[in-house]
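Have a look at the structure below, then the notes.
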Amino acid sequence: MRILMLGWEFPPFIAGGLGTACHGLTKALDRRGHRILFVLPRPVDAAPQTHVHLIGPRPIVTRSRTHPASHEFAHTSFYEVEAPFSSPYPQFESPDEPGVTRHEVVEHETIVEEGREEVRVELPEVVAHHYGSDLVGDAARYARQVLSIAQQESFDVIHAHDWLTYPAGLAARAATGKPLVCHVHATEFDRSGDSVNPQVYEIERSGMHGCDHVIAVSALTKSICSTRYNVPAEKIQVVYNGVDQDSAQPEAGVSIRSSDRIILFLGRITMQKGPEYFIRAAARVLEKEQNVKFVVAGSGDMALGMIEHAARLGIGHKVLFTGFLRGRDVERVFRM
């Protein structure tokens, strides 16, 4: 099967778990012989330590045959399109910062000729909320570029990961008639609590209702899709994230004694992930057992607060905060 897969990040250019999930999923599909066309935004602000130079598209789109991860895949092609690599996660402001500044709303649409018919695809309006840069506008620009690729390529199904790619998925579906699967890794309610961006919510809702099938990463996510977005439960299938056992095995020569008890939190340190529960649970564990250490691997708007929280509970010396990890460092922390 040929899959047109749409994702906003892919290792080594990641801001959170979405890219890691896409990597694992494509790796597994590739091993099964499925052919994947993966379209991702061109990582304009790629970190210099990646030692990767990616050539921009001329004039619109280019196929990348030198993506850093491409050697792992026998049947996968990567595309980089001219869209800023903005983080797909909310940028929460501090209490000292002023309120949200909204930019002028600009409507976007594109018309695709399909034989004698016109397929009109409505793309999201451009507005800023608590997301970095102009992320909603980036999603609209990405959708137009994906549409160009979809009209040139042959594929059987479209697989869109999270809200940033839903407009692109809907546009490709309208132009080609191919079935669309929307993969929900997180919802706006997970990311923002009660302070949801109504525009992002509408993009998510439109994607889930306009696609042919919804994949949710947990039963809780499925419940949110059903109750908050009114998606029929029978349209949603739960597919849990897995662990890549090839990279999660302990390194040769490393022995972990029974007395070496390490408990790991790996993820963004944000409200969605509930790091405060981990810190409180750590304090409860240490009331019963002192021979335990806790590692918090990740970054986020709650990181400083969690460091202070651990100190207030008197367990700061038992909790190690590593900061943001990527690639080999993630593998190393799993192997501890």
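From the cross-link list Lys222/Lys293; Lys222/Lys318; Lys178/Lys222; Lys27/Lys293, which pairs have alpha carbons spaced over 26 Å apart? The partial results should precede the final answer.
On the way: Lys222/Lys293 34 Å; Lys222/Lys318 36 Å; Lys178/Lys222 24 Å; Lys27/Lys293 33 Å.
From Lys222/Lys293; Lys222/Lys318; Lys178/Lys222; Lys27/Lys293, over 26 Å: Lys222/Lys293; Lys222/Lys318; Lys27/Lys293.
So, counting K/R as plus one and D/E as minus one, what does the shell of residues with Cβ under 10 Å around Met1 add up to? Intermediate results must be reported in sequence, preceding the final value.
Values: positive: Arg2, Arg32, Arg35; negative: Asp156.
Net of charged neighbours comes to +2.
FRET efficiency for the Asp194 to Asp244 pair, using the beta carbon distance and R₀ = 41 Å, is estimated at 0.70.
Summing charges over all other residues whose Cβ lies under 13 Å from the Cβ of Gly300, with Lys and Arg as +1 and Asp and Glu as -1, gives +1. Computed over neighbours whose Cβ is under 9 Å from that of Tyr201, the net charge equals -1, Lys and Arg +1, Asp and Glu -1.
In this structure, the amide hydrogen of Leu320, modeled 1.01 Å from its nitrogen in the peptide plane, lies closer than 5 angstrom to those of Phe294, Val295, Val296, counting only residues at least 5 positions away or on a different chain.
Each of Glu9, Glu234 was scored by other Cβ atoms within 10 Å of its Cβ. Arranged with the fewest first, they read Glu234, Glu9.
Read-outs throughout are calculated quantities, based only on the coordinates presented, and are distinct from any laboratory measurement. Treat the numbers as computed from the prediction; the structure is a model and nothing was measured. Backbone-built Cβ (ideal geometry, glycine too); neighbour counts: all protein chains shown.
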